[in-house]
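Okay, so here's the structure we're looking at.
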Amino acid sequence: MDKLKEKMEKLRVEADVALERADAAEKKSKESDERIRQQDNEILSLKNKISLLETDLDTAEEKVASQKAKLGELETKSDEFERKSTSLTNERDKLESMLDKKEEELKATKKELEETLAGLDAI
C-alpha cells in the first residue's frame, strides 16, 4: 500500500508539474496572441498610412503635372513676348535711324534755307 501511496504521490507531483507547465504554456499562448493582435493593429494602421500617403502622392503628382502644363504655357508666352520685344526693338532702331536721317535732312534744309535767305538779303 505504501508503494501505491508513493505512486499516487508521484503522480500528483507529476500532475502538478504538468498543470504548472500547462498554465505557463497557456500564459505564453495568451501573450503571443496579444502580441499578434497588437501587430495586426499596427499592420492595419500602417496600411491606412500607406493609403493616405498614396492619395497624397497622387494629389502631388497631379499638381506637378498641372504646374508643368502652366510652366509650358508661361514659357510659350515668354517666347512670344521675347519675339515681340525683339521686333519692337528692331522697329525702334529703324525709327531712330529714320529720325536721325530726317534730322540731318532738316539741318541740311535749314542750312540751305539760311544760305538762300542770306543770298536774298544780300540782293
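Structure above, values below:
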| quantity | calculated |
| --- | --- |
| Cα gyration tensor shape for the range 29-99, rounded if a/c is under 1.5, else prolate or oblate | prolate |
| The chain: angle of helix 2-122 to the longest principal axis, Cα-based, in degrees nearest 10 | 0 |
| FRET efficiency estimate (nearest 0.05) - Cβ-Cβ, Thr76 to Glu103, R0 41 angstrom | 0.55 |
| Reach of Lys84 by Cα under 18 Å, taken over lysines that are not fewer than 8 positions away in the same chain | Lys94 |
| Net charge dipole size for the chain [Lys, Arg +1 and Asp, Glu -1 on Cβ; Debye, nearest 20] | 1040 |
| Listed residues Leu4, Asn90, Thr116: farthest to the positive end of the dipole of the chain (Cβ charges) | Leu4 |
| Potential extension, Arg92-Leu11 segment - 0.36 nm per residue separation minus Cα distance | 17.5 nm |
| Expected 222 nm ellipticity per residue - DSSP helices of 4 or more, -39500 (n - 2.57), all of the chain, to 500 | -38000 deg cm²/dmol |
| Selected from Leu46, Leu74, Ala18, residue furthest toward positive end of dipole (the range 4-123; charges at beta carbon) | Ala18 |
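All of the numbers you see were taken from the coordinates with simple rules; none came from a lab. Predicted model, so just to flag it, every value in this text is computed and none were measured. All Cβ positions, even for glycine, are placed from backbone atoms using ideal geometry, and neighbour counts span all protein chains on display.
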